[in-house]
Amino acid sequence: MTERDAGERLDFRSDTVTRPSDEMREAAASADVGDDVKREDPTVNELERRAADLMGKEAGLYVPSGTMGNQIAARVHTDRGQEVVVDEGGHVYQWEVGGLAQLSELQVRPIDFGPDAVPTPAQLREVMTEEALHVAGTGLLCLENSHNSRGGVAVGPDGI
């Protein structure tokens, strides 16, 4: 890896603006590969193990895109028919073509999380609902990190 200049800014708006370094390209070209479905890809296996260790989890799952990760996470953390609270500029709402409704049968409630991309407790108290006969209960709050539509703002653990 190369060292960054002290004044160099990192661009977290999207993975599509990332430009790999020569070292990154070489690592990809020389990586050991195998059939990941059969758990025979040592690179994917190591990535999943390291990610799980970093997060203090039992296991990790590599998915090839942020959209896929968002959609899987929404599905496993909700029940069909629930409501999902999202930032009105969030990727999961703006750029995932109705995936929450189509793939998980969820209703979406977009609100303005503000420039820091974190809703206030008062905002959440106002919008979160209990399930009732004619009301979908809130099942999930989606926070985006880093936030593409808000200039790549990244929220640290203390910001939530």
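The values are calculated or read from the model by the stated rules, or taken from the named source; none is laboratory data. Because the structure is predicted, anything quoted here is derived from the model rather than measured. Every residue, glycine as well, gets a Cβ built from its backbone with ideal geometry; the counts of neighbours run over all protein chains shown. These accessible areas exclude ligands, DNA and RNA; they are computed on the full protein's heavy atoms, side chains included. Shrake-Rupley method; radii C 1.70, N 1.55, O 1.52, S 1.80 Å.
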message = Criterion first (open to solvent by less than 90 Å² (accessible area, probe 1.4 Å), of a type in the set (A, V, I, L, M, F, W, C), more than 29 Å from Cys142 (Cβ to Cβ) and modelled with pLDDT of 90 or more) does Ala29 satisfy it?
response = yes
Every residue from region 52-77 that is exposed (fewer than 12 other Cβ atoms within 10 Å of the Cβ) and of a type in the set (Val, Ile, Thr) = Val76
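Please pick out the residue among Arg125, Arg80 that is part of a helix (DSSP H, G or I) and either touching a Pro at 6+ places or on another chain (Cβ under 7 Å) or open to solvent by 70 Å² or more (accessible area, probe 1.4 Å) (or both). I'd like the intermediate steps shown before the answer.
Numbers: Arg80 fails: part of a helix (DSSP H, G or I).
Only one candidate passes the filter, namely Arg125.
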key: Odd one out for Gln94 among (1) in contact with a helix residue (DSSP H, G or I) (Cβ under 9 Å, 6 or more places away or on another chain); (2) open to solvent by less than 70 Å² (accessible area, probe 1.4 Å); (3) modelled with pLDDT under 95; (4) of a type in the set (S, T, N, Q)   = (2)
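Residue-wise test of (1) in a loop (DSSP other than H, G, I, E, B); (2) closer than 29 Å to Thr43 by Cβ; (3) free of Cβ contacts under 8 Å to residues at least 40 places away in the same chain.
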residue	(1), (2), (3)
Tyr62	yes, yes, yes
Met68	no, yes, yes
Glu96	yes, yes, yes
Ala101	no, no, yes
Asp116	yes, no, no
Thr129	yes, no, no
request  = Consider only pairs whose beta carbons are under 9 Å apart and that are at least six residues apart or on different chains; among these, list those whose first residue lies in region 1-25 and is modelled with pLDDT under 70 and whose second residue is open to solvent by 80 Å² or more (accessible area, probe 1.4 Å) and not in a loop (DSSP other than H, G, I, E, B).
outcome  = Met1/Glu23; Met1/Met24; Thr2/Asp22; Thr2/Glu23
